[in-house]
Amino acid sequence: MKPKVFVTRKIPENVLNKMKSVCEVQIWEKEDIPVPRDVLEQQINKVEGIFCLLTDKIDEDLLQRAEKLKVISNMAVGYNNIDVAAATRRGIMVTNTPGVLTETTADLTFALLMATARRLVEASDYLKQGKWRTWSPMLLTGQDIFGATIGIIGMGRIGEAVAKRARGFSMKVLYYNRSRKPNVEEKLGATYVDLQSLLKESDYVCLLTPYTPETHHMIGKEELSLMKKTAILINTSRGGVVDEKALYEALKNGTIWAAGLDVFEQEPIPVDHPLLSLPNVVALPHIGSASLKTRMKMAELTAENMLQALAGKVPKYLVNTELIRA
Ligand code: GLV
């Protein structure tokens, strides 16, 4: 008998077909919105595998209903939407999709950094709104990127890929991470500093850390007050790493110069959110890994992880590795 799996959103046809060849697949594809909680609750105790997205909250309450579930395969590198400890206690594997999205997300991080520094969105709106009357000495002046100092918080795969791009712009690279990365220091000339020094010395502070209880509101009022008045905060990790209320105040009263945000505490961020009223905020709808090729690869890898787990193998990207050590 084919194992039953549930897919929480419409995914590329070829990936779906691959799963259908070995599994009995149910899919939530009515609309491009997250699967309603009650549907998820009904499905979870029927299936052995779930192919889910970062918009699906897989918490302990839900997992209590999961009688046959063997694997939760998340189509994302981040997995803060899943209660991994609760899954581990039940022997359920959790998988993610690192690697395939590294360069694409680093590209977006750098694009957002440059767009914010040089006020690209504001400048484009200015032109389209018919406000451009003449070349003017101080019109839409921004911050320099070449030769500036970048502070990377979270030196994982994506952090390293951002550092590589920064070196191409002759930037001084500082980083803060749970552990030191001697190979990155050697290869990319990055300097390890404590968080306070990074905040004080950087022209660009880039958040690339996973979202955990330890990193919740890691950047708040106090941290923002340490940054330069000309500094720019870039967040392409998870919204909860930043205290958005404190960020709004800091941007409004000039504590820092601007912010480029791809992620928010609440997604989608409400359009009347105060942050969106500020001209010095460039805001994107969580598109860090959104290139055609990368999203295809992520879907393929999510399916691959799931099929490996269902076949009794160790999936390529198992998050709760303690399950195989046990
Ligand atoms: C996207 O945010 C991801 O975690 O893959």
message: Pairs please, first residue from segment 293-314 and under 15 Å from Ile50 (Cβ atoms), second anywhere and within 13 Å of the ligand (Cβ to nearest atom) and of a type in the set (A, V, I, L, M), Cβ atoms under 6 Å, 6+ apart in sequence or on different chains.
response: Thr302/Met75
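Among the strands (runs of 3 or more DSSP E) contained in segment 50-156, which hold 3 or more residues that are away from the ligand (no atom under 16 Å from the Cβ), of a type outside the set (Ser, Thr, Tyr) and surrounded by 19 or more Cβ atoms within 10 Å (Cβ to Cβ)? Lay out the reasoning, then the answer.
Details: elements: 71-74, 93-95, 149-153.
In segment 50-156, the matching strands (runs of 3 or more DSSP E) lie at 149-153.
Can you pull out the residues in segment 123-143 that are among the polar types (S, T, N, Q) and more than 33 Å from the chain's Cα centre (by Cα)? Don't jump to the end; show me each part of the working.
Taking segment 123-143 and keeping what is among the polar types (S, T, N, Q), we get 124, 129, 134, 136, 141, 143.
Selection gives Thr134, Ser136.
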field: Counted residues, segment 235-248 - those being part of a helix (DSSP H, G or I) and either away from the ligand (no atom under 16 Å from the Cβ) or among the aliphatic types (A, V, I, L, M) (or both)
entry: 6
- request: Scan segment 11-35 for residues that are aliphatic (A, V, I, L, M) and either modelled with pLDDT of 95 or more or touching a His at 6+ places or on another chain (Cβ under 8 Å) (or both) and jot them down.
  value: Ile11, Val15, Leu16, Met19, Val22, Val25, Ile27, Val35
field: Residue satisfying condition, being more than 27 Å from Arg180 (Cα to Cα) and in contact with a helix residue (DSSP H, G or I) (Cβ under 9 Å, 6 or more places away or on another chain), within set Leu139, Leu113
entry: Leu139
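What's the total number of residues in segment 249-299 that are assigned to a loop (DSSP other than H, G, I, E, B) and more than 16 Å from the ligand (Cβ to nearest atom)? First the steps, then the outcome.
Looking only at segment 249-299, we keep the residues that are assigned to a loop (DSSP other than H, G, I, E, B), and these are 253-257, 262-273, 278-280, 284-291.
Those left that are additionally more than 16 Å from the ligand (Cβ to nearest atom): 253-257, 270-273, 278-280.
Qualifying residue count, segment 249-299: 12.
The values are calculated or read from the model by the stated rules, or taken from the named source; none is laboratory data. None of the values given here were measured: they were computed from a predicted structure. Reconstructed Cβ throughout: ideal geometry from the backbone, glycine too, with neighbour counts over all protein chains shown.
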